[in-house]
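What follows is calculated from the coordinates using simple rules that are stated; it is not laboratory data. None of the values given here were measured: they were computed from a predicted structure. Reconstructed Cβ throughout: ideal geometry from the backbone, glycine too, with neighbour counts over all protein chains shown.
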Amino acid sequence: MQFFNSLGQYRPQALAVLRIIAALLFIEHGTMKLFGFPAPMGDGALPPLLLIAALLEVVGGALLVVGFMTRPVAFLLSGQMAVAYFMAHASKGFWPALNGGEGAILFCFIFLYLVFSGPGAWAVDKS
């Protein structure tokens, strides 16, 4: 148990890794909507709500990667994911594993955690 207790000294770095990896994965959703990369998402022009979501994903994700304005950006993105879950997934059934909403829920709560924890190490923010 001593080994696991000693891991606490790396808490800021582990939090930073969580922030950076979650943000990079989030950006990927936005680039799929905006640029069709790494895979196309639909065809033609995006509806206004999806365009806003894509911009939030790319810009907000980039801000989280560098750890700039982490708490307010994470708060905004957490809310976006809550809305996305209820608009796009909840109507397909109760269970997230069946309605495809696991990702939205995970992003929502990771971002909510960042609101309270701050960015961790390796961030422009110092809090």
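Placing dummy labels 7 Å off each Cα toward the beta-carbon, the span from residue 59 to residue 14 is 3.4 nm.
Helix 11-35: angle to the longest alpha-carbon principal axis of the chain, degrees 0 to 90, nearest 10? Between helix and principal axis, roughly 10 degrees.
Helix 70-84 and the longest principal axis of the Cα set of the chain meet at an angle near 40°. Mean residue ellipticity, 222 nm, helices only, the chain: the sum of -39500 (n - 2.57) across DSSP H runs of n ≥ 4, divided by residue count and rounded to 500, is -19000 deg cm²/dmol. A crude spin-label estimate for the pair residue 88 and residue 122, with each label 7 Å from Cα along the Cβ direction, gives 2.7 nm.
At full extension, residue 49 and residue 25 could sit 6.6 nm farther apart than now, given 0.36 nm per residue minus the alpha carbon distance. Taking Cα atoms, how many degrees apart are the long axis of helix 102-117 and the longest axis of the chain, rounded to 10 and kept between 0 and 90? Relative to the chain, helix 102-117 is tipped by roughly 40 degrees. Going by a ≥ b ≥ c, the root eigenvalues of the Cα gyration tensor, does the chain fall in the rounded group (a/c under 1.5), the prolate group (a/b larger than b/c) or the oblate group? Taking the square roots of the gyration eigenvalues as a ≥ b ≥ c, the chain is prolate.
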